[in-house]
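Structure, as C-alpha cells:
The values are calculated or read from the model by the stated rules, or taken from the named source; none is laboratory data. Note that this is a predicted model, so its numbers are computed, not measured. Cβ coordinates were reconstructed from backbone atoms using ideal geometry, including for glycine residues, and neighbour counts include every protein chain displayed. Please note that ligands, DNA and RNA were not included when accessible areas were found on the heavy atoms of the full protein model with its side chains. Shrake-Rupley method; radii C 1.70, N 1.55, O 1.52, S 1.80 Å.
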Amino acid sequence: MAAVHDRPVHTREFRVRRTQNWLVLGLTYAAMYMARYNFPLANKALSDTYGWDKAQVGTIISMATLLYGVAALFNGPIADRLGGRRAMLIGACGAFVFNLMFGLGAYLGVLGTGPLLLGYLATTWTLNMYFQSYSALALIKVNSGWFHVHERGVFSAIFGSVIQSGRFLVFLLLATPFVIALPWQWRFFIPAGIVAMMAFFTFLVVQDSPKEAGLGDFDPQDATSGETEKITLSYVARRVFTNPVTITIAVAEFCTGLVRQGFEHWFPRYMQEVQHLNLDSPIFQRNALVIVAAGILGAFIAGYMSDWVFGHRRPPVAFVGYALQIASLAVVWRAPSMEAVIVAFVVNSMAISMVHSMLSGTASMDFGGKRAAATAAGLFDGMQYVGGSFVGFGMGWLLERFGWGVWGPSMIGFAGVGAVLMLFLWNARPRGGTHAQRGSASAH
C-alpha cells in the first residue's frame, strides 16, 4: 500500500475496472441530471400552455428544490449504510417513474388547467427531486472507495464533466427542433426512458468498492482511514455534523445553490424573453452547448489547480470560482450587449462548475471520508438545494414585480459570502487515521 503522501500505484486491472465503474455510474448520473434539468426547457411552455405566471411556475421549482435539499441531508446517512450502488438504483427508479408521471399530467383533463393541475405537477416533480437526491450521494459514495485522496482533484474534473454531460444531453436531445416541436411533456418522457436504460447498466456493472469487484482492499487515505467503528447513522452524523470545516462548507454551498439554481433554472427563459431567442434557434443552441463545454472546462481547471497548484486543497479553487461568478453576474446585471451577456453566461457556467466539483464533488469525500462520504455529500448538496429553493417562487416573484434587471444582482451577494468563507478555509485539508483530530484543518 502506498504511503500517505505518495501517489498510489494501480495495476492495469484496477484502472480498467475503475474506469468501467465510474463510466457507467457517471452516465447514469448524467441521465438523472437530464431528468432534473429538463424542467427549465419546459418553464415557459407551461406558462404559455396553462396561463401560469413566473411565480406559479416558480412554486414548482421551490417545492421540489427544497425537498431535494432536505432529503439529501437525511438520505446521505442512508446511502452510507446501503452503499452507493443501491442508492443510485433507488434514485434512478424513482426518477423514471415521476418524470413519466409529470409528463402524463398533460393528459389528465379531469385536473383542468388551474390549481389542481399545478398541484399535481408540483407534487410529482417534488417526488422526482426526492429520488434525485440519491444520485449525487451515490456517485460520491462509490467513488470515495475507488479514488485516493491525492487523485480526487482530478476526480472532481470527472465529476464535473459528468454533470455537464447531463446538461449536454438536455440541449442535444431536448432542445432540438424536432423535440421542441413536440408537446412539452416529451421533454420528460425522453429522459425517463434514458434513466431506465442506465439504471439497468448500473445494476449489471457497478460495484461499491474494489474489494467487492474482486480486486482486494484499497485505502484512499482520507479522513476516515484507519477507523473501524461500525458505520451507523450516529457514526456518520458525528463524523460530519460536528466538524467545523464541513459546517462552513455547507453554509458556502447554501450560497452556491442560490447562484447555481438561480442561473440554471431561469437562463433559458431569460434568453427567450429578454434576448428574444427561441429554444430551437441556432444561436441559442450553439451558445447553450458552449456554456456546457465551459462547465466541463471549469471542472478540469478546478481539479488540476487543486491537485497541482494548491497541494490538494479545495477551498482556494472554490474561492476563484466564486470571484468569477461575481464578475460574470455583474456583466449580466448591466447587460451591455447580447454578446457580452453570452460571454458572462459562459464564464459563470465555468465558475459554478469549479465550485460545485470542488465542494460537493471532492471536499465531501475528503472530509467525510470513504466511510461517511455520502453523509458529507448530502450535507453539502442538500444545503445547496435548500438555498436553491429560494430562487423558484422567490425569483419568479421578483421577476414578475421588478423585471429581469434584478436577476443578476439578486445573486451577486451570495457568491461574495461564499468567497469569504473559502478564505477562512484556505488551508483546510483532511486528516486521516485513527488518531486524527476530527474536524481540524491543517496547513502544510
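Residue 190: part of a helix (DSSP H, G or I) and either surrounded by fewer than 16 Cβ atoms within 10 Å (Cβ to Cβ) or over 22 Å from the mean Cα position of the chain (by Cα) (or both), yes or no? Against the criterion (part of a helix (DSSP H, G or I) and either surrounded by fewer than 16 Cβ atoms within 10 Å (Cβ to Cβ) or over 22 Å from the mean Cα position of the chain (by Cα) (or both)), residue 190 does not qualify.
Of all the listed residues (162, 179), the sole one being free of Cβ contacts under 8 Å to residues at least 12 places away in the same chain, within 21 Å of residue 288 (Cβ to Cβ) and in a helix (DSSP H, G or I) is 179. Pick from 15, 7: which is at pLDDT below 85, assigned to a helix (DSSP H, G or I), of a type outside the set (A, V, I, L, M, F, W, C) and over 17 Å from residue 98 (Cα atoms)? So the residue among 15, 7 that is at pLDDT below 85, assigned to a helix (DSSP H, G or I), of a type outside the set (A, V, I, L, M, F, W, C) and over 17 Å from residue 98 (Cα atoms) is 15. Given the options 204, 215, name the one that is open to solvent by 30 Å² or more (accessible area, probe 1.4 Å), closer than 25 Å to residue 21 by Cα and at pLDDT below 85. Unique residue meeting the criteria: 215. Look at (1) at pLDDT below 90; (2) closer than 22 Å to residue 28 by Cβ; (3) open to solvent by less than 50 Å² (accessible area, probe 1.4 Å); (4) of a type in the set (Val, Ile, Thr) and you find that residue 78 fails only one, number (3). Could you tell me whether region 321-329 includes any residue that is modelled with pLDDT of 85 or more, farther than 24 Å from residue 30 by Cβ and among the polar types (S, T, N, Q)? Yes, the conditions are met somewhere in region 321-329.
In region 268-305, what count of residues is obtained for those that are of a type outside the set (A, V, I, L, M), in a helix (DSSP H, G or I) and either at positive phi or open to solvent by less than 60 Å² (accessible area, probe 1.4 Å) (or both)? Number satisfying all stated conditions: 11. Residue 90: of a type in the set (A, V, I, L, M), crowded, with 18+ Cβ neighbours inside 10 Å and within 15 Å of the chain's Cα centre (by Cα), yes or no? Spelling it out, it is not the case that residue 90 is of a type in the set (A, V, I, L, M), crowded, with 18+ Cβ neighbours inside 10 Å and within 15 Å of the chain's Cα centre (by Cα). Looking only at residues that are part of a helix (DSSP H, G or I) and open to solvent by 30 Å² or more (accessible area, probe 1.4 Å) in region 165-176, which one is nearest to residue 144 (Cα to Cα)? The qualifying residue nearest to residue 144 (Cα to Cα) is 165. Candidates in region 94-115 are the residues that are at pLDDT 95 or above and farther than 15 Å from residue 184 by Cα; of these, the one that is most open to solvent (accessible area, probe 1.4 Å) is 96. Residue under question is residue 120, and the condition is that it be modelled with pLDDT of 85 or more and surrounded by 24 or more Cβ atoms within 10 Å (Cβ to Cβ); does it hold? No.
Please work out if residue 333 is open to solvent by 10 Å² or more (accessible area, probe 1.4 Å) and farther than 20 Å from residue 423 by Cα.
Values: open to solvent by 10 Å² or more (accessible area, probe 1.4 Å): yes; farther than 20 Å from residue 423 by Cα: yes.
The answer is yes for residue 333.
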